[in-house]
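Novice: Let me begin by handing over the structure; questions about it come next.
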Amino acid sequence: MSKLSILAAALALLACQTAQAVGPFQIYEQALRNDPVFLGAIKERDAGLENRAIGRAGLLPKVGYSYNKGHNNSKVSYLDTVRGTITEKRNYDSYGSSLTLQQPLIDYEAYANYRKGVAQALFADENFRGKSQELLVRVLSYYTKALFAQDQIDIALAKKKAFEQQFQQNRHMFQQGEGTRTDILEAESRYELATAEEIEARDEQDAALRELAALTGEPNLDVRDLDPLQEDFQSFSLTPANYDTWHEMALSNNPVLASQRQRVEVARYEVERNRAGHLPKLSAYATMRQNESESGNTYNQRYDTNTIGIEVSVPLYAGGGVSASTRQASRSMEQAEYELDGKTRETLIELRRQFSACLSGVSKLRAYQKALTSAEALVVSTKQSILGANGSTSMH
């Protein structure tokens, strides 16, 4: 086979491997379909959204229908002015049916419960938005950990190779009477430390790959399946570069804070719902009834009755339970408000830390690039020095 054919085959193999490798966003797409934590979050959101309909139901009309049918066997005694006491035995069927429509007109408890349901639905939506972002963070975290661990493994292997060569060289020099046993032990110690670093890096990589496998549902995920990060990436400028703008964006858009604010709203309307236990309720109702022989007094009689009216319910005393429940709900609301303050502080502290890291990251990256260039030049210079020293030794 010609060299050109071999090169073409190698390039084809490389292209095939690159095509099969998956990047972080492909992993994220798989995680959206397979991560059990995220799938559970979807169901949690769907369940939470139903609170809106549950709360609204208390404001809508209620329609009910009832029906009963029975067989009666009774003995009736009555006084007749001519014949005296007369006793009759009656065997008859009876039935009754009722269709009722009721519409709340004034019911503050139902209104507060509806607003609480709306807040619970909004909380479920914001909480799900936060968990969606958490999934992306988890994917990127485990993805970069797996690749970083591979770099650490490669570094550890390079160290082991260098220290092994140093060990062999020091032992040879010791045998020639030009070295010390300390040099041998030092090289051996460094070799063992590099071995420990390799083991630790492999453990970290195994853990990261297992996490990615759990996210994607791919049990046999290998680091070679991951698309390596680009080495020629360009540093970016933080836009906007003003912290105050990011501060306002975090307060307005952060899903953790948004969900916590809805939690406060839920607690607030829970207070109102309990307080409504002191308030009257007014509702309108309409009823259609059909009864036949429903009682002894209506034997062999049928009634068709249509009724429309209003009903007023006024609570007078409930043993102090309403007041106690209201106080309890108020304390829970205050707790939610304090927790919102705590979450806000945590978010802003983390925002400041990440903002500073992004600003300083560009300078740090440039410094690392310069250090890498200097280190590469140092390696070249050191190799030339070693070659020169070996040449001088050979001449002697």
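Novice: Please go through the range 111-151 and pick out each residue that is surrounded by fewer than 18 Cβ atoms within 10 Å (Cβ to Cβ) and of a type in the set (S, T, N, Q).
Specialist: Matches in the range 111-151: S132, Q133, S141, T144.
Novice: Quick check: is even one residue across the range 264-272 surrounded by 15 or more Cβ atoms within 10 Å (Cβ to Cβ), of a type outside the set (G, A, S) and either touching a strand residue (DSSP E or B) at 6+ places or on another chain (Cβ under 6 Å) or modelled with pLDDT under 95 (or both)? First the steps, then the outcome.
Specialist: As a first pass, look at the range 264-272 and keep what is surrounded by 15 or more Cβ atoms within 10 Å (Cβ to Cβ): 264-272.
Going one step further and asking which of them are of a type outside the set (G, A, S), we end up with 264-266, 268-272.
Right, trim to either touching a strand residue (DSSP E or B) at 6+ places or on another chain (Cβ under 6 Å) or modelled with pLDDT under 95 (or both) and you get none.
No: the range 264-272 contains no residue that is surrounded by 15 or more Cβ atoms within 10 Å (Cβ to Cβ), of a type outside the set (G, A, S) and either touching a strand residue (DSSP E or B) at 6+ places or on another chain (Cβ under 6 Å) or modelled with pLDDT under 95 (or both).
Novice: Is it the case that the range 280-287 has a residue that's of a type in the set (G, A, S), out of contact with any strand residue (DSSP E or B) (no Cβ under 7 Å at 6 or more places or on another chain), more than 30 Å from F163 (Cβ to Cβ) and in contact (Cβ under 8 Å) with a residue 24 or more places away in the chain? So that I can check it myself, show each step before the final result.
Specialist: Restricting attention to the range 280-287, the residues satisfying the condition of being of a type in the set (G, A, S) are 283-284, 286.
Retained after the next criterion (residues that are out of contact with any strand residue (DSSP E or B) (no Cβ under 7 Å at 6 or more places or on another chain)): none.
No: the range 280-287 contains no residue that is of a type in the set (G, A, S), out of contact with any strand residue (DSSP E or B) (no Cβ under 7 Å at 6 or more places or on another chain), more than 30 Å from F163 (Cβ to Cβ) and in contact (Cβ under 8 Å) with a residue 24 or more places away in the chain.
Novice: Is there any pair with a first residue in the range 160-185 that is under 22 Å from A196 (Cβ atoms) and a second that is part of a loop (DSSP other than H, G, I, E, B) whose Cβ atoms are under 6 Å apart and which are 6 or more apart or on different chains, and what are they?
Specialist: So the pair list comes out as N170/G179.
Novice: Would a scan of the range 236-246 turn up a residue that is of a type outside the set (F, W, Y), under 30 Å from N127 (Cβ atoms) and not in a loop (DSSP other than H, G, I, E, B)?
Specialist: Residues of the range 236-246 of a type outside the set (F, W, Y): 237-242, 244-245.
After this cut, where a residue has to be under 30 Å from N127 (Cβ atoms) as well, the list is 238-240, 242, 244-245.
Next cut, not in a loop (DSSP other than H, G, I, E, B) only: 244-245.
Yes, the range 236-246 contains a residue that is of a type outside the set (F, W, Y), under 30 Å from N127 (Cβ atoms) and not in a loop (DSSP other than H, G, I, E, B).
Yes/no per residue for (1) among the β-branched types (V, I, T); (2) assigned to a helix (DSSP H, G or I):
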residue	(1), (2)
I184	yes, yes
E200	no, yes
D203	no, yes
A214	no, yes
L221	no, no
A250	no, yes
Q262	no, yes
Y269	no, yes
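Novice: Of all residues in the range 84-121, count the ones that are among the basic types (K, R) and without any contact (Cβ under 8 Å) to a residue 40 or more places away in the chain. Give the steps one after another, and end with the answer.
Specialist: Going through the range 84-121, the residues among the basic types (K, R) turn out to be 89-90, 115-116.
This time we only want the ones that are without any contact (Cβ under 8 Å) to a residue 40 or more places away in the chain, so: 89.
Within the range 84-121, residues that are among the basic types (K, R) and without any contact (Cβ under 8 Å) to a residue 40 or more places away in the chain number 1.
Novice: Return the only residue of E346, E350, E376, E334 being farther than 30 Å from L282 by Cβ, in a helix (DSSP H, G or I), of a type outside the set (F, W, Y) and over 37 Å from the mean Cα position of the chain (by Cα).
Specialist: Values: E346 fails: over 37 Å from the mean Cα position of the chain (by Cα); E350 fails: over 37 Å from the mean Cα position of the chain (by Cα); E334 fails: over 37 Å from the mean Cα position of the chain (by Cα).
Within the list E346, E350, E376, E334, the selection yields E376.
Novice: Then there is this: Can you find even one residue in the range 73-94 that is closer than 23 Å to T307 by Cβ and surrounded by 11 or more Cβ atoms within 10 Å (Cβ to Cβ)?
Specialist: Step one: of the range 73-94, the residues closer than 23 Å to T307 by Cβ are 94.
Checking which are surrounded by 11 or more Cβ atoms within 10 Å (Cβ to Cβ) leaves us with 94.
So far as the range 73-94 goes, yes, one or more of its residues are closer than 23 Å to T307 by Cβ and surrounded by 11 or more Cβ atoms within 10 Å (Cβ to Cβ).
Novice: Does R352 satisfy the criteria of being of a type in the set (K, R) and out of contact with any helix residue (DSSP H, G or I) (no Cβ under 8 Å at 6 or more places or on another chain)? Full working, then the answer.
Specialist: Values: of a type in the set (K, R): yes; out of contact with any helix residue (DSSP H, G or I) (no Cβ under 8 Å at 6 or more places or on another chain): no.
No, not satisfied.
Novice: Out of (1) outside any loop (DSSP other than H, G, I, E, B); (2) loosely packed, with under 10 Cβ neighbours inside 10 Å; (3) among the aliphatic types (A, V, I, L, M), the odd one out for V322 is which?
Specialist: V322 satisfies every listed condition except (2).
Novice: A further question follows. Going by the conditions given, is R202 buried (at least 17 other Cβ atoms within 10 Å of the Cβ), farther than 30 Å from L59 by Cβ, in contact (Cβ under 8 Å) with a residue 12 or more places away in the chain and of a type outside the set (A, V, I, L, M)?
Specialist: no
Novice: Among the numbered criteria (1) under 29 Å from V266 (Cα atoms); (2) in a loop (DSSP other than H, G, I, E, B), which one does R115 miss?
Specialist: Evaluating R115 over (1) under 29 Å from V266 (Cα atoms); (2) in a loop (DSSP other than H, G, I, E, B) leaves (2) as the failure.
Novice: What about Q234, is it without any contact (Cβ under 8 Å) to a residue 12 or more places away in the chain and either within 30 Å of T347 (Cβ to Cβ) or surrounded by 11 or more Cβ atoms within 10 Å (Cβ to Cβ) (or both)?
Specialist: Working: without any contact (Cβ under 8 Å) to a residue 12 or more places away in the chain: yes; either within 30 Å of T347 (Cβ to Cβ) or surrounded by 11 or more Cβ atoms within 10 Å (Cβ to Cβ) (or both): yes.
When the stated conditions are applied, Q234 passes them.
Novice: Give the residue that is nearest to P24 (Cα to Cα), with candidates limited to residues of the range 134-182 that are assigned to a helix (DSSP H, G or I) and small (G, A, S). Walk me through how you get there before you give the answer.
Specialist: So the first thing to find is which residues in the range 134-182 are assigned to a helix (DSSP H, G or I), and the list is 134-175, 181-182.
Subsequent filtering for residues that are small (G, A, S) retains 141, 146, 149, 156, 158, 162.
Details: S141: 10, A146: 11, A149: 16, A156: 25, A158: 28, A162: 34 Å.
That would be S141.
Novice: Closer than 21 Å to E350 by Cβ, loosely packed, with under 12 Cβ neighbours inside 10 Å, modelled with pLDDT of 90 or more and not acidic (D, E), is that true of T245? Reasoning before the result, please.
Specialist: Working: closer than 21 Å to E350 by Cβ: yes; loosely packed, with under 12 Cβ neighbours inside 10 Å: yes; modelled with pLDDT of 90 or more: yes; not acidic (D, E): yes.
When the stated conditions are applied, T245 passes them.
The values are calculated or read from the model by the stated rules, or taken from the named source; none is laboratory data. Keep in mind that this is a model prediction, so the values were computed, not measured. Virtual Cβ from ideal backbone geometry, glycine too; neighbours counted across all protein chains shown.
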